[in-house]
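Below is one structure; the comments refer to it alone.
The values are calculated or read from the model by the stated rules, or taken from the named source; none is laboratory data. In this text, all values refer to a predicted model and were calculated from it rather than measured experimentally. A quick note on method: Cβ atoms are made from the backbone with ideal geometry, for glycine too, and the neighbour counts reach across all protein chains shown. All accessible areas refer to the heavy atoms of the entire protein, side chains included, with ligands and DNA or RNA removed. Shrake-Rupley method; radii C 1.70, N 1.55, O 1.52, S 1.80 Å.
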Amino acid sequence: AEQPVELERRVLMKSGEISSSLFAATDASGLSDAVAIQIADIFSTDIDFHRDLRRGDRFTVVYEMFYDQGEPVRSGRLLAAEFVNQGKPYQAVYFLYAEGQGGYYTPEGKNIRKAFLRSPLEFSRISSGFSNRFHPILQQWRAHKGIDYAAPSGTRVKATGDGVVEFAGRHQGGYGNLVVLRHQSKYTTWYGHLSGFSKGMRKGARVAQGDAIGYVGATGLATGPHLHYEFRINDVHQNPLRVVLPSAPPISPEQRPVFEAAAAPLTQYLQLLRGTQLARLD
């Protein structure tokens, strides 16, 4: 007979400090890559993990780990996390608001998810360090009103928000291969110098936040492989690193008592873990 292995679920707590990269810090803390990627995904609308990480940034996490006969098999969901970036703390707790449906909120009930991600690049071990965050020519807020991300050719580029493809093709100017997405009525995002496009990238196609739309390249006027990213409101250029982004709906008044009861112990675990390196909740 065959049947699924019944795994034992435990809740663990750990913390770490950034010295060179997020993955190096999570490795040192004994955390899996799956947990590291969840950290980056959860805080990706507030922190650009390609540009904003600094030495001395700290994180604490409360997460699931599944065991078989006392041996760890796989990590599960991140239940709560705090990330202190450049001295500013960000907190998130997971709340299951309906059967099979949940999301991350601040301890006060504000939705972590926003209409746009801070970075359009997929986060990975290759992109997590300090070494490729700054470039002497690229990666700066320049007069042309865009952000340039130096990254290896072929790195996946993500839609920073839900939208509709307004343009996908070769641009006659300096953008090279370009994708332009329209979000709602007044927002547009531009992704230039792509080496290629994801399948289905054509005018009128719908994309969701986080969907791959293309790949980093050096087409058009480019000195090397990088992504040129623009964020416009009513066709006026905005600084994507500083613009205030609208949030998704917060916890409803009807759900607040249940949310507060679930969030309180998770927040206490985060507070308990501050300043420590390793701990476990039995």
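Miscellaneous remarks
- In terms of packing, defined here as the mean over residues of other Cβ atoms within 10 angstrom, the peptides 183-192, 116-125 line up highest first as 116-125, 183-192.
- Coupling constants for region 11-17 follow from the phi torsions by the Karplus curve (6.51 cos²θ - 1.76 cosθ + 1.60, θ = phi - 60°), and in residue order they are 9, 10, 10, 8, 9, x, 9 Hz; glycine and proline get x.
- Full extension of the chain between D235 and Q86 yields a length gain of 50.5 nm, computed as 0.36 nm times the residue separation minus the alpha carbon distance.
- Here the chain exposes an accessible surface that is 51 percent carbon and sulfur, computed with a 1.4 Å probe and the other protein chains kept in place.
- Full-stretch length increase - E71, K199 - with 0.36 nm per residue and alpha-carbon distance subtracted: 42.0 nm
- Backbone N atoms of region 250-270 closer than 13 Å to the 7 Å Cα→Cβ label point of K110 belong to residues 250-251.
- Linear extension gain, E254 paired with R55, 0.36 nm per residue minus alpha-carbon span: 67.5 nm
- Comparing Cα centroids, region 213-238 and region 33-80 end up 29 angstrom apart.
- Residues in region 265-273 carry Karplus couplings, in order, of x, 5, 5, 5, 4, 4, 5, 5, 8 Hz; the curve used is 6.51 cos²θ - 1.76 cosθ + 1.60 with θ = phi - 60°, and Gly or Pro positions show x.
- Distance histogram for the chain (every C-alpha pair counted, 5 angstrom bins, percent rounded to whole numbers): 1, 5, 11, 15, 16, 15, 13, 10, 7, 4, 2, 0, 0, 0
- For the listed peptides 241-250, 222-231, 90-99, a ranking on the average number of other beta carbons within 10 Å per residue, highest first, reads 222-231, 90-99, 241-250.
- C-alpha long axis of helix 33-42 to longest principal axis of the chain, angle in °: 70 degrees
- The A264 and A34 beta-carbon pair, evaluated with R₀ = 30 Å, returns a calculated FRET efficiency of approximately 0.70.
- Cβ-derived FRET efficiency at R0 45 Å, A1 paired with V244, nearest 0.05: 0.20
- Förster-model FRET efficiency, 41 Å R0, E166 and Q271, C-beta, rounded to 0.05: 0.35
- Relative contact order of the chain, defined on C-alpha pairs under 8 angstrom at six or more residues apart (%): 20 percent
- Whole-number accessible area per residue in Å² for the chain, which is evaluated in the context of all protein chains at 1.4 Å: 50 Å²
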